[in-house]
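First the structure, in the form of structure tokens, and then the observations on it.
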Amino acid sequence: MIFESIPSEPTSPRAFVEFHNGFLNKKDDISVIFRWNQPDFTGELIQGYTVQCCSIENLKEIRICDDESVSATIFESTVHNLKPNTTYYFQVRAHTKVGAGPYTDLMNVSTTHENPIPQLLIASDNGVQLWDLDSKIMVNLVERPYAYDVVYSVAEHKIYWFQFPGDAFDKESLMTREMNKTNITKITRVQAIAQDLCIDWVARNLYWRETNELGYHIVKLDLTMWQNGTIEYDKISKRNNSPNYLTVLPSMGFLYWMEYQSLDHQYAIMKSDLDGKNVQIFLKMDNMNSCPYRLSNTLLIDAINMEEPLLYWIQGHNLKYELIAADIRFSRCNLILSVNDDERLYRPLTVDLTNVYLFTQKNIYILKKKYALLDNEGNAFKHVQIVENVDTSINNMKVFGKSLQPYPRTECLTPDNNNYNIKIVNITANSIVLNFPEPIPKRGCKIYNLPTTIYSIYVSHCVDNNLNKSDKFNMQTYERYYEITNLMPFTEYKLKLALSNFYFNQLSMDPLFGSDVILRTPGKLNAPENVTVQALTPTIAAVYWMPPKKLNCVTVIYTVYWESLTSGNGTRLISDPFINKSTLQEDSIFFTTIQPLLPGCKYSVYVRVYPVSFSDLYNDSLSKTVHMYSEPNNITLTGISLNGINISWILSVNLTINYILEYKNVQTQEWQIADSFEVNNETVMYYIKNLLPETLYKFRLILTYPEDVNYTWPSDERFTFQTLGELSSTPEILATLYYLSLMLILVAIVIVICVCYFYCLYKQRKEGNKQVFPLITTDMELAILHEIPIENVQFNTLYCPTLPEYNPDELVLTKIKREQITLAKLLGNGAFGMVFQGKVKDLEGPGIETPAAIKMLRKNASSQDKKKFLQEAMLMNHFRHKHVLRLLAVCLNEDSPLLVLELMEIGDLLNYLRENRKLEPSDTQALRLQDLLAMCEDVARGCSYLEKLRFVHRDLACRNCLVSARDRENRVVKIGDFGLARDVYKDDYYRKEGEGLLPIRWMAPESLVIGIFTSRSDVWSFGVIMWEITSLGEQPYTAKTNSEVINYVRAGGRLPKPLNCPPTLHQLMLRCWSAKNARPNFKHCLENIISMRKGMEDAQLNSVDVI
């Protein structure tokens, strides 16, 4: 009884061998699936199975699985990691609660060849099923109707199929799902009738045929791009005839299909590249001389054996259906199987590693491949296994198994590790167009097409104007040309390229990185924002601004520019540009001051920003206007005594919040505060006591403006007063005596002028007919005397009885004839006459022509004009100095005398300076700082020479100085006066009512008030010349009228420091503009300028506006 309860041995033991390469399973693996059926006799309920397996090496048994327990419902056991080319032995037994039954006979299994489980993937009207032909088990993968054409990807464990819609008017869709999951995804809706779905499992592309009223197309869909969100629905080839049985051979890199040739009325096998290009006839009947069988419309290419692929097709012949096999070159073919008409073979026809599968309406024929080879003879029908068709609605079927989709070696699935660099095609302010390199296959791997390359671009740039903080973003593309958009102008970007494909993730590999590419987009930075300007003092303004919201993390320079709206000063900039620091935040406010500005003037101010080393890529803020405070009211002397001075000053209403008057002895350095004062309405009276008699005291104001900024005014010594020394009295009486004395002096001056006038008139009449002029031993003035108002003129009191350094013979005028003179170019003309450029013969020797300037009177000149003209020649004939214009000769023509003067080719200094404004500071011809100092030195040398001769010029200005050449080596500046200045530069002269033309802007206060002209008044004018030179020809006191200039100078006003003027030179100017007795002489000025030139480095000048 117990014996009968033990089950018999399991039936039908069988084994399948599967090879798995490293790509799909992380490492190479050989496995055996050992299967069996239930025992014929069980007796009791089967509780499980026990499996034993082993191998024999060196006559020793090696246990692989020792009594492995298997569940009663499972009829298989899988053993992994077996050795190749080895024989393993398997046996199994069943057991019940009573006990274990006997083992089956040992079954030997060789791992030399692969023998996978036969499985079919079926697309039918009922969905998609996976049918295990060995176990007769069918698994429903998709329970949706109308599935048509199905393929799978072993690597992804996914299936793809076409699904017809339930609605007849809708279009079919391409679907997918993972085999171990239930979620179904629609990839796309196809655009026409789709058939012949196939897959390139290596390059990961789907292919199918589409049919519509326009014809036939072969379509390709890139799975890599689809999985990354891009559906690349590419019709790669248009065909006139239907391409049937579309097949991909990844190992060979070709597409094959069967196509009916209407011209030849026969079928042909077509071939193309995997991108649909290079379509050609691969095979048709004309090439099948060695094969007696005709091609039909059913084609199967068996590419499992990559070294020798086989072709299978079915043809109908004499009421029979025949299976034909041929090699891929059609050099051999063979009849494999023939069946009668009642067992008609249908499509589909499919093949796996060991079997060929044929489909009829009722059955599935399974033919072992070893009986379907080219060398087999006879009918293989007796070797066919017939399986009853479980689903009569099959639309398509494909063999299924890992071994059916062979991959190249693992290293061939990724590109070669090369240096992949980005190429910049185009770059704009907001975009970059890139060209990516094509991946290079590894050596020996070129036969396979790789999946679509994924180009990942990693872009980084710093943010928030912080060099230590960066923003990163990345993007992916599949195109070799790609445009990165929405970039910022003038921003440095770092690009890094990474190449990868589907297999990088599968193999846990890092992408292939190229070299970093650093580039900068063109364009300009945004302009500075929130610019505000505020007057702090009459000469200083504060400028505030915020940086652009996006500085793009570049180091930038801020430069503040300002332009006077009420004068011709032109646009200026601060001497020290501001450079931003990387630590600054967006809400930081920059601040600077601009000076010196002119009191009471309006200025337009803006801020410029540009990157370091890219000054041409600037951007300017909006201009802001500021109205400077007016200059304080003058300090007025109201009383003076032996040891006291009274000062009055009128407050600037609503401008200053505090004021202090300071004074000091000019011989000391310590300032003292005037603390004895009283305020009467808006007038402040100061009483300074305990002063030293007959001593100069300098006064200044310390003013505090609303922004708590102190302003010292004036910066020069204009308010210098001297206490009395002769007698002591009250300040009020002394002031009265002072003004009374001044009136008496003026009356005396008028009397002296009258006497001198009649004396000169007498002398002119006496010497009017002389043609040779002897040495003059009385002091003379270079300016024309009648042009000074009679009531304000005082003769020059300097006296020089003899001039021992001159030979009297040298001072005799050289006379020439009119025929010796050739006039050429007109240099200028005016009310007095004209000046020509010309040549004089025989002046420096026989046959020698000397270039010269020829000055002549107008045609209707009076005899008095002629006398004055010759008097000018007589004066100029005294001068023999490099820096004073020389008279060469006179021509005493009866009609009109001519003066022959030294030719200065460049013309007057004022025009030369103004022309230089047109040049860029970097121009080799542009003036530099040492050039300006050299011009000042030339004029000072000429003036020092005139001072030694006790001559007073009275009209020193740049317009009356002449320049010999433009190059530095030959350039000489000379003092001279053609008399042209009053006509050419008429705006520089002012005619008071009843008076002659006066150069108001160059005149000293004593010359303006009482008409006194001395060498010290020439020093004042020389100070203005230095100001003209360093301002490159700007008109003094540009913003003021002539009347305002007179009042401004009398009240102590002075010119501000020009933009290109060194501070030490400006201090010399201020000394030239001091009180008369405090001014230096020309010798002292010359020594100072020479010392400056030696101790000062040359420098490029700042740009100024063109006048």
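Take the conditions (1) closer than 15 Å to Gln195 by Cα; (2) within 48 Å of the chain's Cα centre (by Cα); Gly229 misses just one of them, which is (1). Taken over the stretch 1043-1071, the residue count meeting the criterion of being assigned to a helix (DSSP H, G or I) and within 51 Å of the chain's Cα centre (by Cα) is 12. Are any of the residues in the stretch 303-313 surrounded by fewer than 16 Cβ atoms within 10 Å (Cβ to Cβ), in a loop (DSSP other than H, G, I, E, B), polar (S, T, N, Q) and at pLDDT below 75? Yes, the conditions are met somewhere in the stretch 303-313. Looking at the stretch 849-942, none of the strands (runs of 3 or more DSSP E) lying wholly inside it contains 1 or more residues that are within 18 Å of Glu1028 (Cα to Cα) and among the basic types (Lys, Arg).
Among the conditions (1) touching a strand residue (DSSP E or B) at 6+ places or on another chain (Cβ under 8 Å); (2) surrounded by 14 or more Cβ atoms within 10 Å (Cβ to Cβ), Thr96 misses just one, which is (1).
When you scan the stretch 73-92, do you find a residue that is small (Gly, Ala, Ser) and surrounded by fewer than 19 Cβ atoms within 10 Å (Cβ to Cβ), even just one? The answer is no, given that none of the residues of the stretch 73-92 is small (Gly, Ala, Ser) and surrounded by fewer than 19 Cβ atoms within 10 Å (Cβ to Cβ). Of all the residues in the stretch 843-855, those that are hydrophobic (A, V, I, L, M, F, W, C) and surrounded by 19 or more Cβ atoms within 10 Å (Cβ to Cβ) number 3. Only one entry of Pro437, Pro406, Pro415, Pro441 meets the criterion of being more than 29 Å from His157 (Cβ to Cβ) and either without any contact (Cβ under 8 Å) to a residue 12 or more places away in the chain or part of a loop (DSSP other than H, G, I, E, B) (or both), and that entry is Pro437. Listed by position, the strands (runs of 3 or more DSSP E) contained in the stretch 598-644 that have at least 1 residues being modelled with pLDDT under 90 and surrounded by fewer than 21 Cβ atoms within 10 Å (Cβ to Cβ) are 602-611, 636-640. A search for C-beta distances below 7 Å between a residue of the stretch 43-54 that is closer than 17 Å to Phe90 by Cβ and any residue that is crowded, with 18+ Cβ neighbours inside 10 Å and charged (D, E, K, R), counting only pairs 6+ apart in sequence or on different chains, returns Tyr49/Arg93; Thr50/Arg93.
Residues that are at pLDDT below 85, surrounded by fewer than 13 Cβ atoms within 10 Å (Cβ to Cβ) and aliphatic (A, V, I, L, M) are absent from the stretch 675-683 altogether. For Ile193, are the conditions met, namely being under 26 Å from Lys277 (Cα atoms), within 49 Å of the chain's Cα centre (by Cα) and free of Cβ contacts under 8 Å to residues at least 60 places away in the same chain? Spelling it out, it is not the case that Ile193 is under 26 Å from Lys277 (Cα atoms), within 49 Å of the chain's Cα centre (by Cα) and free of Cβ contacts under 8 Å to residues at least 60 places away in the same chain.
Yes/no per residue for (1) of a type in the set (Gly, Ala, Ser); (2) in contact with an Asp or Glu (Cβ under 9 Å, 6 or more places away or on another chain); (3) modelled with pLDDT of 90 or more:
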| residue | (1), (2), (3) |
| --- | --- |
| Pro1062 | no, no, yes |
| Leu1068 | no, no, yes |
| Trp1073 | no, yes, yes |
| Ala1078 | yes, yes, no |
| Asn1081 | no, yes, yes |
| Asn1088 | no, no, yes |
| Val1104 | no, yes, no |
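The residues of the stretch 835-881 that are among the hydroxyl-bearing types (Ser, Thr, Tyr) and touching a Leu at 6+ places or on another chain (Cβ under 9 Å) amount to a single one, Thr850.
Per the listing Lys382, Lys370, the residue uniquely modelled with pLDDT of 75 or more and surrounded by fewer than 16 Cβ atoms within 10 Å (Cβ to Cβ) is Lys370. Within the stretch 887-897, the set of residues being surrounded by fewer than 19 Cβ atoms within 10 Å (Cβ to Cβ) and either modelled with pLDDT of 80 or more or under 24 Å from Glu937 (Cβ atoms) (or both) comprises just one member, Leu892. State yes or no: is Ser922 over 20 Å from Leu827 (Cα atoms), of a type in the set (S, T, N, Q), loosely packed, with under 15 Cβ neighbours inside 10 Å and touching a Gly at 6+ places or on another chain (Cβ under 9 Å)? For Ser922, the condition - over 20 Å from Leu827 (Cα atoms), of a type in the set (S, T, N, Q), loosely packed, with under 15 Cβ neighbours inside 10 Å and touching a Gly at 6+ places or on another chain (Cβ under 9 Å) - is not met. Taking the conditions exactly as written (modelled with pLDDT under 85, surrounded by 12 or more Cβ atoms within 10 Å (Cβ to Cβ) and assigned to a strand (DSSP E or B)), does Leu827 satisfy them or not? When the stated conditions are applied, Leu827 passes them. Quick check on Leu949: is it among the hydrophobic types (A, V, I, L, M, F, W, C), modelled with pLDDT under 90 and over 39 Å from the mean Cα position of the chain (by Cα)? Answer is yes for this residue. Name every residue in the stretch 856-886 that is surrounded by 14 or more Cβ atoms within 10 Å (Cβ to Cβ), modelled with pLDDT of 85 or more and either of a type in the set (Gly, Ala, Ser) or under 60 Å from the mean Cα position of the chain (by Cα) (or both), in order of residue number. Within the stretch 856-886, His881, His883, Val884, Leu885, Arg886 qualify. Residue check: Lys220 meets all listed conditions (1) closer than 26 Å to Leu507 by Cβ; (2) touching a residue at least 60 places away in the same chain (Cβ under 8 Å); (3) part of a strand (DSSP E or B) but one, namely (2). Take the conditions modelled with pLDDT under 90 and in contact with a helix residue (DSSP H, G or I) (Cβ under 6 Å, 6 or more places away or on another chain) and apply them to Ile657. Does it pass? When the stated conditions are applied, Ile657 does not pass them.
From the list Asp955, Asp967, the one residue that fits, being within 22 Å of Ser1021 (Cα to Cα), within 56 Å of the chain's Cα centre (by Cα) and among the acidic types (Asp, Glu), is Asp955.
Picking from residues in the stretch 482-499 that are in contact with a Leu (Cβ under 7 Å, 6 or more places away or on another chain) and hydroxyl-bearing (Ser, Thr, Tyr), the one that is farthest from Thr410 (Cα to Cα) is Tyr493.
Ile74 meets each of the listed conditions (1) hydrophobic (A, V, I, L, M, F, W, C); (2) without any contact (Cβ under 8 Å) to a residue 40 or more places away in the chain; (3) out of contact with any Asp or Glu (no Cβ under 7 Å at 6 or more places or on another chain); (4) part of a strand (DSSP E or B) apart from (4). Checked against the criterion of being over 30 Å from Cys412 (Cβ atoms) and free of Cβ contacts under 8 Å to residues at least 12 places away in the same chain, the stretch 238-260 contains not a single residue that satisfies it.
The values are calculated or read from the model by the stated rules, or taken from the named source; none is laboratory data. A quick note: this is a predicted structure, and the numbers were derived from the prediction, not measured. Virtual Cβ from ideal backbone geometry, glycine too; neighbours counted across all protein chains shown.
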